[in-house]
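These notes are about the structure you will find just below.
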Amino acid sequence: MTRKTQGLALGLAAVFLLPLAALAGNVSPYKGDLGGKIVFSAMAGTQWDLFAVDPQGGKVERLTNDKEMERFPAVSPDGARVLYIGDRKDVWMYTPRTGGKAAVPLPAGTYGHPAWAPDGKEFACAVYTALPTDASELIRVREAEKGWGTLERLTTFPPMVLFPDYAPDGKRLACSVFRRDPALGVIENLAVLNIGEKKTVLLTDAKMDQFEPVWSPDGKTLAFTSNRAGNYDVWTRAADAPVDGTKDTRVTLDRGFDGEAAFSPDGGELVFVSNRTGRRELWTAPVRGGAERRLTDLKSSVASPSWARGGMAGQHQ
C-alpha cells in the first residue's frame, strides 16, 4: 500500500552524524555487542544492509556488507541475534558477535516483518500470497532442541493481517488488519490477536490508516503510525483505550512522513523514521512530549528500526 511521504521541514542538529558514503567502504561486517543500540536497514549503494546506531552518541556502525538484501531487522530480547528478511523474502538470522548469517528453515513462501517473543525462543511473522488474491496471514515458529520447530498458522485470510508485535506477556500479538472501504479503498486498523485462542479483536475502527503497532516494555501502551491528522505521524494509545480513538495521543507533529516507531528499552522514548529533511532518517522523541532529535544523516533511505535492550546506550536520559 502506498504511503503518503510528501512534505519537508527543517531538522534538528544531531550529536554526531555520519554520511552513509563514509561507511560504504567497510570490507568486513561489524562484530560486537548490540546492547542498547538501534538496529535498522539502510540502502547502501545498490542493496539494503543492516546498521546500528548508538542512540546517545549517534555513532553509526555497519553490521553487514554483501550483495544480498537485509531488511526488516528484529533484535532478540538478549541482543544476541537479529532476524531479518533476505533477498528471496525468506527469514534469516544474523549473529552480531560472530558476523554469521543463516537462513531459517521455513517452507517456501514470501515472508515479512519478523518479531521476537519476549522469551527469545520463538518468533512470529507475516506470510504473503499473491494468487488467487493478495493475502497475508500471521504464523509463528518455536525454537526446538535442535534448530526450529514446525510453522504454526495463527490467522486465516480474510482479512489480511500483518506487522505482528508480541506483548510483554507473550500471550498476545498486536497487528494491523486490512479491510476494503467502498469509497476509500484499503484501510488499515489496529488489532490484538490472542495467540492461545487465535482470536483477533480490533483496537481501532476508523476510515484512516492506523498500522505497525508496537508494545511499550510495560505492556500498557501501543505506538503506531496513522494519517488521521492529514499526514502520517507517530501516535500512542493505552492498550485498553476506546476503539473510537478519542484517548489517543499524537507524538510527532511534522508535515512530512513520521512512522515505523519502536520503544526504547525503558519505554521513555520512541525511535522512528522521518523524511522531514528530504530523506528518510532516524529520529527520536520522548513519549510524553519534548524535543525531537535526529540520529542519522546517511543521505539515503533508512527503515525498520529495532531498539535492542541492555547496555548504557539503552538507558533513557
#### Entry: Length added when fully stretched, residue 90-residue 128, from 0.36 nm per residue minus Cα-Cα
12.6 nm
### Message
Using each residue's phi in the stretch 269-279, evaluate 6.51 cos²θ - 1.76 cosθ + 1.60 at θ = phi - 60° and report the 3J(HN,Hα) Karplus result to the nearest Hz, with x for Gly and Pro.
### Response
10, 10, 9, 8, 9, 9, 10, 5, 9, x, 9
### Message
Take residue 301 and residue 157, extend 7 Å from each Cα along the Cα→Cβ direction, and tell me the distance between the two endpoints in nm.
### Response
2.3
### Task
Identify all lysines with a Cα-Cα distance to residue 171 below 20 Å; exclude those on the same chain that are fewer than 8 residues away in sequence.
121, 198, 199, 220
### Task
Name the residues whose placed amide hydrogens come within less than 5 Å of the amide hydrogen of residue 280, ignoring near sequence neighbours (fewer than 5 apart) on the same chain.
302
### Query
Which of the trypsin sites (Lys or Arg not before Pro) found in the stretch 232-317 are loop residues per DSSP with 12 or fewer other Cβ atoms within 10 Å of their Cβ?
247, 288
### Query
Stretch residue 150-residue 119 to full length: gain in nm at 0.36 nm per residue minus the Cα-Cα span?
9.4 nm
### Query
Label points 7 Å out from Cα along the Cβ direction at residue 198 and residue 46: separation in nm?
4.4
### Summary
For the stretch 288-304, Karplus-derived ³J(HN,Hα) couplings (6.51, -1.76, 1.60; θ = phi - 60°; whole Hz; x for glycine and proline) come out as 8, x, x, 5, 8, 10, 7, 9, 10, 9, 8, 6, 7, 7, 10, 7, 6
### Task
Considering the options 232, 166, 214, tell which one lies farthest towards the positive end of the dipole of the stretch 20-310, charges being +1 on Lys and Arg and -1 on Asp and Glu at the Cβ, about the Cα centre.
232
### Message
If the only charges are +1 at each Lys and Arg Cβ and -1 at each Asp and Glu Cβ, what is the size of the charge dipole of the chain around the Cα centre, to the nearest 20 debye?
### Response
280
### Query
Over the stretch 20-310, with a single point scatterer placed on each C-alpha, what log10 of the ratio I(q)/I(0) does the Debye formula yield at q = 0.11, 0.15 1/Å?
-0.61, -1.20
### Task
Would you mind calculating the relative contact order of the chain from Cα pairs under 8 angstrom and at least 6 residues apart, reporting the percent as a whole number?
19
### Task
Rounded to whole Hz and in sequence order, give me ³J(HN,Hα) for the stretch 242-256 from the Karplus expression 6.51 cos²θ - 1.76 cosθ + 1.60, θ = phi - 60°, writing x for Gly and Pro.
x, 4, 6, x, 5, 9, 6, 10, 7, 8, 10, 10, 6, 7, x
### Query
Using the count of nearby Cβ atoms within 10 Å as a rough guide to exposure, how do 137, 260, 68 rank from fewest to most?
68, 137, 260
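Taken together, the values in this text are just the output of simple stated rules run on the coordinates, not laboratory data. Remember, it's a predicted structure, so these values are computed and weren't measured experimentally. Note that each Cβ is placed from the backbone with ideal geometry, even for glycine, and that neighbours are counted across all protein chains shown.
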